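**Student:** A single structure is presented below for examination.
The values are calculated or read from the model by the stated rules, or taken from the named source; none is laboratory data. Keep in mind that what you see is a predicted model, and the values were worked out from it rather than measured. Here the Cβ positions follow ideal geometry from the backbone for every residue, glycine too, while neighbour counts run over all protein chains shown.
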């Protein structure tokens, strides 16, 4: 006897795509590889680039396809194949459509404001647990005539999808942009080492090279450059809460770079 039951229609969720990756989502349909997946979303390798597909609990990464509802991780694991293109991302248990576009945050190019030491003190106090190699590496990368050795010691060093060295370098690159003091040699050195870290972290470093970051990070970096101690005090907790140590490591990069760009004469504890 034929069954009256039919397979359930695939779940469809509306998403908002970043203009930085809209070409991937709206381009020709092709197979993408799952790099990593977790409670807040999944990261896909599409060609040579990374597309984060993130739920509402994830930080707003600048290249993300953002979804207002939680994603079902069923059938998702590293190495799995999914489809991207034609305005949607087809996952095993859900299809995400790019219904609209959202604007990612970018650090504005500016200059350093006069700091009486309060901002430097706030950053130092927030990063007392940072490993010495991280502070020394960022300082060397910011001061050496040839930043390649220091960059080699940082990129890819540390555990997780975004190693500590990468997070600290991202902070350094973002603050240099906000201060109006870009370092072309450092940027070139970082670009040469992108293959030495995870694909996810390389994508975030590439974004930082052009000033892109999460809204909380952009706001903090801008406040540091403007020497706005009150704003730094307000914004620090949200950034420090990112990841296991990612937020702290990024702030370590800010602290070490600020000490180079605007030395106060104080000696960090």
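**Student:** Among the candidates 225, 179, 170, 199, single out the residue that is crowded, with 20+ Cβ neighbours inside 10 Å and in contact with a strand residue (DSSP E or B) (Cβ under 9 Å, 6 or more places away or on another chain).
**Tutor:** Within the list 225, 179, 170, 199, the selection yields 170.
**Student:** Evaluate the stretch 82-103: report whether one residue or more is part of a loop (DSSP other than H, G, I, E, B), out of contact with any strand residue (DSSP E or B) (no Cβ under 6 Å at 6 or more places or on another chain), crowded, with 17+ Cβ neighbours inside 10 Å and not assigned by TED's automatic domain parsing to the domain that holds residue 238.
**Tutor:** There is no residue in the stretch 82-103 that is part of a loop (DSSP other than H, G, I, E, B), out of contact with any strand residue (DSSP E or B) (no Cβ under 6 Å at 6 or more places or on another chain), crowded, with 17+ Cβ neighbours inside 10 Å and not assigned by TED's automatic domain parsing to the domain that holds residue 238.
**Student:** May I ask you to list the residues in the stretch 47-74 that are surrounded by fewer than 16 Cβ atoms within 10 Å (Cβ to Cβ), out of contact with any strand residue (DSSP E or B) (no Cβ under 6 Å at 6 or more places or on another chain) and more than 14 Å from residue 33 (Cβ to Cβ)?
**Tutor:** Answer for the stretch 47-74, where residues must be surrounded by fewer than 16 Cβ atoms within 10 Å (Cβ to Cβ), out of contact with any strand residue (DSSP E or B) (no Cβ under 6 Å at 6 or more places or on another chain) and more than 14 Å from residue 33 (Cβ to Cβ): 56, 57, 68, 70, 74.
**Student:** Mind checking which residues of the stretch 119-143 are over 22 Å from residue 155 (Cβ atoms) and exposed (fewer than 15 other Cβ atoms within 10 Å of the Cβ)?
**Tutor:** Of everything in the stretch 119-143, those that are over 22 Å from residue 155 (Cβ atoms) and exposed (fewer than 15 other Cβ atoms within 10 Å of the Cβ) turn out to be 125, 128.
**Student:** Quickly run through the stretch 249-264 and pick out the residues that are at pLDDT below 95 and within 19 Å of residue 201 (Cβ to Cβ).
**Tutor:** Correct list: empty.
**Student:** Same structure again: In the stretch 152-175, how many residues are within 25 Å of residue 108 (Cβ to Cβ) and part of a helix (DSSP H, G or I)?
**Tutor:** Total satisfying the criteria: 10.
**Student:** How many of the residues in the stretch 104-116 are touching a helix residue (DSSP H, G or I) at 6+ places or on another chain (Cβ under 6 Å) and in a strand (DSSP E or B)?
**Tutor:** Qualifying residue count for the region: 1.
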